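The values are calculated or read from the model by the stated rules, or taken from the named source; none is laboratory data. Because the structure is a prediction, the values reported are computed rather than measured. Cβ coordinates were reconstructed from backbone atoms using ideal geometry, including for glycine residues, and neighbour counts include every protein chain displayed. Please note that ligands, DNA and RNA were not included when accessible areas were found on the heavy atoms of the full protein model with its side chains. Shrake-Rupley method; radii C 1.70, N 1.55, O 1.52, S 1.80 Å.
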Amino acid sequence: MNFDSFLEKVKEHHSLQLPFVMYRHPGEKLVKGQLQPNNIIEYISDFQEKGFVFAPFNSQKRAIVFSYASAEAISVEQESFKVNLKKREYKKEQQEQDRYENLINKTIDTIKASGLEKVVISRKKEIELKTEPFLYFKRLLELYPEAMVYCWYHPLVGMWIGATPETLVKTEGRRLKTMALAGTQVFNNTKEVSWKEKEKEEQAIVTRAIVDGLSQITEVSNLQVGEPHTIRAGNVLHLKTNVSATYEADGLKKIIKKLHPTPAVCGLPYEIAYDYILTKENYDRSYYTGYLGELNFQHTKNRNPRRRNIENSAYQSVSKQTNLYVNLRCMQVSDNRLEVYVGGGITKDSQPKSEWEETQRKAETMQQVL
């Protein structure tokens, strides 16, 4: 099967109004797909399920799972192709800009007068046009090789497409990895940049929250925290800190519940920021800033082929892996409209106009493929 055949198979499945997901992990070339045989919605119960998970921001709502056992699994190597980017003209968003900046001003006042340290304020940008989701997916694969690129569809929920740079949690065997991602600035052909104290502190807040949260779980041990470093995510840069640990298998549900939503998409203290978002943002984030990915997939790894003992080198090890990502840089797609979701972390030192401009830059990740 070549890549075009892969896409045609998914398109045919889509034409039958049946659920599917196709995706590629960061830094990889293998594009995977799961084609579901019916439109029943299955939900996660204890995180022992095996399948592709799609979860909303609202942690009180259930996560959808496409069961691996019932799906037709397909895969193909990604093929390179030329992406012709054209600058699109979008209608003036002055009313939306005013609304967003007013909310930022109110949020800054609340932070200064309360126990809030940081809260993430988001918005959605609506674009009317005849959509081409499969073309958008191809373009995202080519433009963002270091992102988790996906296209997810369920006829009773809708279609979502994204290219996210942020890992929620990765596990293999008894090892887990996660990350603290915060701070944003424009990418200008180099990752050798200076970060302001506001951005450094914002990133440090996220790191501390993740480490403190994992420390409270008895099934987690041997926590290790890396140094902050700069990464690129499309046309912007972020500060990232890697966090790793060991855990007991029955602790996965607790880990995911503790990490989601992360401070990078919610804020701190968690309870105050979470309630503030639900009451003040004035729209439903839906699956934006939720999480998605593989839950409890079997991964086969060949032993070192350079070993002299042929029997040992041919031996394969099988491990259980979970690879979940925060649903950033995403859009919801219908036949004649797109809804692009973006946001930013607000602290007492935030500037409303700068925060608006940051969301505009983040929106370009999706808008480039239109």
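Entry note, the chain: the mean residue ellipticity at 222 nm calculated from DSSP H runs of n ≥ 4, each adding -39500 (n - 2.57), is -9000 deg cm²/dmol after division by the residues and rounding to the nearest 500. Evaluated at q = 0.13, 0.28 Å⁻¹, the base-10 log of the normalised Debye intensity for region 189-262, with identical point scatterers placed on the Cα atoms, takes the values -0.47, -1.30. For Phe3, put the label point 7 Å out on the Cα→Cβ axis and report which residues of region 45-83 keep their amide N under 16 Å from it. Inside the label zone: 75-83. Here the extension length gained between Ser59 and Ala113 equals 16.8 nm, from 0.36 nm per residue of separation less the Cα-Cα distance. All Cα-Cα separations within region 21-125 were binned at 5 Å from zero, giving a P(r) of 2, 8, 11, 11, 11, 12, 13, 15, 11, 5, 1, each value a whole percent of the pairs. Using a Förster radius of 30 Å, what is the FRET efficiency between Arg88 and Glu271 based on their Cβ-Cβ separation? Nearest 0.05, please. Computed FRET efficiency for Arg88 and Glu271: 0.15. Short-range pairs are left out: with C-alpha atoms under 8 Å and at least six residues apart, the relative contact order of region 162-236 is 31 percent. Accessible area per residue for the chain is 48 Å², calculated with a 1.4 Å probe on protein heavy atoms, without ligands, DNA or RNA. Surface composition of the chain: carbon and sulfur atoms hold 45% of the protein heavy-atom accessible area at a 1.4 Å probe.
Tell me the Kirkwood hydrodynamic radius of region 3-50 in angstroms, computed as one over the mean inverse distance between distinct C-alpha pairs. The Cα-based Kirkwood calculation yields 12.5 Å.
If a spin label sat at a point 7 angstrom from the Cα of Lys348 along the line to its beta carbon, the backbone N atoms of region 182-214 nearer than 17 Å would be those of 197-206. Secondary structure note: in region 170-267, about 100% of the DSSP beta bridges are antiparallel. Using R0 = 30 Å, the C-beta based FRET efficiency linking Ser75 and Lys177 works out to 0.80. Based on C-alpha pairs under 8 angstrom that are at least 6 apart in sequence, the chain has a relative contact order of 25 percent.
Please report how many Lys pairs in region 13-90 have alpha carbons closer than 25 angstrom, counting only residues at least 8 apart along the chain or sitting on separate chains. So the count of such lysine pairs works out to 5. Shape class of region 66-105 from the alpha-carbon gyration tensor: oblate, with a/c at 1.5 or above and b/c at least as large as a/b. Among Ala209, Ala273, Ala113, the residue with the largest mean-square fluctuation in a Gaussian network model of the chain, with springs joining Cα atoms closer than 10 Å, is Ala113. Inter-label distance, Asn189 to Glu28: 3.4 nm, where each label sits 7 Å from its Cα along the C-beta direction. Computing Rg/Rh (Cα atoms, Kirkwood Rh) for the structure here picks out one of [x] 1.00; [y] 0.96; [z] 1.05, namely [y]. Using equal-weight Cα scatterers in the Debye expression, the normalised intensity of region 2-83 in log10 at q = 0.17, 0.18, 0.19, 0.25 Å⁻¹ is -0.77, -0.84, -0.91, -1.23. In the elastic network of the chain, a GNM with C-alpha springs shorter than 10 Å, the most mobile of Phe52, Phe137, Phe81 is Phe81. Checking the cross-link pairs Lys191/Lys240; Lys125/Lys198; Lys240/Lys320; Lys9/Lys170 against a 18 Å limit on the alpha carbon distance flags Lys125/Lys198; Lys240/Lys320; Lys9/Lys170 as lying beyond it.
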